[in-house]
Amino acid sequence: MNLEILQNKKSECRTWKNVEPWYLQLEIASKIKKENLSIDYGDWFSVGKKENLSVQEQEIILQTAKSLIPWRKGPFKIFDLEIDSEWQSNIKYNLIRPFFDLKDKVVADIGCNNGYYMFRMLEDKPKKLVGFDPSPLTLHQFEFINHFVKSDIVYEMLGVEHLEFYNHKFDFIFMLGVLYHRADPVGTLKSLAKGLNSKGEILIDTFMIDGEEELCLTPNKRYSKIPNIYFIPTIPALKNWLERAGFEDIEVIATTVTTSEEQRKTEWSFDQSLEDFLAPNDKTKTVEGYPAPKRVYMKARKVL
């Protein structure tokens, strides 16, 4: 597979009718040049302070951030401008943070969105960080933030299916909130294994259903109003998928129920969020009648 052709999407997408306004606004913001900005790697990933900017520059930052709505992952502070994203991704990151050490490792984030997790990972001093996500919107959100962070993070407009053809392997791969979007979950996990160095590790999370049997839910058309959800396994079924894909030392890190503390509407996001996806009279069910979203976090190692 020739990835160079696919990688050219990054430059070609700038001219797409729906993308060009983001790019042009980003070009205006990129004229703001600042050095030695303060960076805070905490829950609100932050770069710069309001006093670093003129009044005119503050307005450009505000207009650029607004032009890139919806912000699904975050939260961010850009020169003290609070971008309160739909997902409070700090909750997920803080949950998984004790279970990895990225120092001097080559790391990939599959489905990286705007790079919130990768920006947080910079504090670990990995050897290299590469994000994979085909979305032009999240690419521009990432570039907006990274223009001021000035990190060496590489953002590829590629998917998990391209991982095995990439120009190098990885020591650690994150794939958070992606597996349930894939019609072939075992094939997807095999792609992760092929993208790893020997004894490399993955950390994933996905929707789950309760049960001790090795089975999964296959939603009809939509799950929690999301159209592209294919398989929601029990934990034993997910372990089987991982073993079939070539993983061992499988560890369940946590299971969580998604709440409105973690996912909710804000002025920076969509008009609807979790509260609209659950049954109005029974928050243990989705609007379609399925069990409400619950997630399992797992870590595993590639078999030699």
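With (1) closer than 29 Å to L192 by Cβ; (2) in contact with a Leu (Cβ under 8 Å, 6 or more places away or on another chain) as the list, and C112 as the residue in question, which single condition is left unmet?
Every listed condition holds for C112 apart from (2).
Out of the residues in region 267-280 that are in contact with a Pro (Cβ under 9 Å, 6 or more places away or on another chain), touching a residue at least 60 places away in the same chain (Cβ under 8 Å) and open to solvent by less than 40 Å² (accessible area, probe 1.4 Å), which is farthest from A237 (Cα to Cα)?
Looking at the filtered set, the residue picked out is W268.
When region 281-296 is examined, which residues are found to be open to solvent by 40 Å² or more (accessible area, probe 1.4 Å) and either at positive phi or part of a strand (DSSP E or B) (or both)? It would help to see each step written out before you state the result.
The first filter runs over region 281-296 and keeps only residues open to solvent by 40 Å² or more (accessible area, probe 1.4 Å), leaving 281-285, 287-291, 294.
Residues satisfying the conditions are D282, K283, T284, K285, G289, P291, K294.
Which of the residues belonging to region 125-139 are surrounded by fewer than 21 Cβ atoms within 10 Å (Cβ to Cβ) and in a helix (DSSP H, G or I)?
P136, L137
Of the numbered conditions (1) more than 14 Å from the chain's Cα centre (by Cα); (2) assigned to a loop (DSSP other than H, G, I, E, B), L122 satisfies every one except a single condition; which is it?
(2)
Write out, first by first residue and then by second, each pair whose Cβ atoms fall under 7 Å of each other, whose residues are 6+ apart or on separate chains, and whose first residue, in region 180-199, is free of Cβ contacts under 8 Å to residues at least 60 places away in the same chain and closer than 27 Å to P227 by Cβ while the second is aromatic (F, W, Y) and open to solvent by 50 Å² or more (accessible area, probe 1.4 Å).
Y180/Y230; Y180/F231; R182/Y230; A183/Y230; P185/F231
Exactly one condition in (1) under 28 Å from L6 (Cβ atoms); (2) open to solvent by less than 40 Å² (accessible area, probe 1.4 Å); (3) not small (G, A, S) is false for D152; which is it?
(2)
Within region 1-8, does at least one residue satisfy the condition of being assigned to a helix (DSSP H, G or I), closer than 17 Å to M157 by Cα, open to solvent by less than 80 Å² (accessible area, probe 1.4 Å) and out of contact with any His (no Cβ under 8 Å at 6 or more places or on another chain)? Lay out the reasoning, then the answer.
The initial filter retains those residues of region 1-8 that are assigned to a helix (DSSP H, G or I), namely 3-7.
Checking the rest, the ones that are also closer than 17 Å to M157 by Cα come to 3-7.
Keeping just the survivors that are open to solvent by less than 80 Å² (accessible area, probe 1.4 Å) gives 3, 6-7.
With out of contact with any His (no Cβ under 8 Å at 6 or more places or on another chain) added as a condition, the list becomes 7.
Yes, some residue in region 1-8 is assigned to a helix (DSSP H, G or I), closer than 17 Å to M157 by Cα, open to solvent by less than 80 Å² (accessible area, probe 1.4 Å) and out of contact with any His (no Cβ under 8 Å at 6 or more places or on another chain).
D43 versus (1) touching a helix residue (DSSP H, G or I) at 6+ places or on another chain (Cβ under 7 Å); (2) charged (D, E, K, R); (3) open to solvent by 50 Å² or more (accessible area, probe 1.4 Å); (4) farther than 25 Å from K265 by Cα: which is the lone unmet condition?
For D43, the failing item is (4).
Which one is farthest from the chain's Cα centre (by Cα) among residues in region 49-78 that are open to solvent by less than 10 Å² (accessible area, probe 1.4 Å) and either of a type in the set (A, V, I, L, M) or farther than 19 Å from P21 by Cβ (or both)?
The selected residue is I61.
Just checking, how many residues over region 155-168 are surrounded by fewer than 17 Cβ atoms within 10 Å (Cβ to Cβ) and of a type outside the set (D, E)?
Going residue by residue through region 155-168, those that are surrounded by fewer than 17 Cβ atoms within 10 Å (Cβ to Cβ) are 161, 164-165, 167-168.
Retained after the next criterion (residues that are of a type outside the set (D, E)): 165, 167-168.
Count: 3.
The values are calculated or read from the model by the stated rules, or taken from the named source; none is laboratory data. Remember, it's a predicted structure, so these values are computed and weren't measured experimentally. Quick reminder, even Gly has a Cβ in these numbers, built from the backbone with ideal geometry, and neighbours come from all protein chains shown. Accessible surface areas use protein heavy atoms only, side chains included; no ligands, DNA or RNA. Shrake-Rupley method; radii C 1.70, N 1.55, O 1.52, S 1.80 Å.
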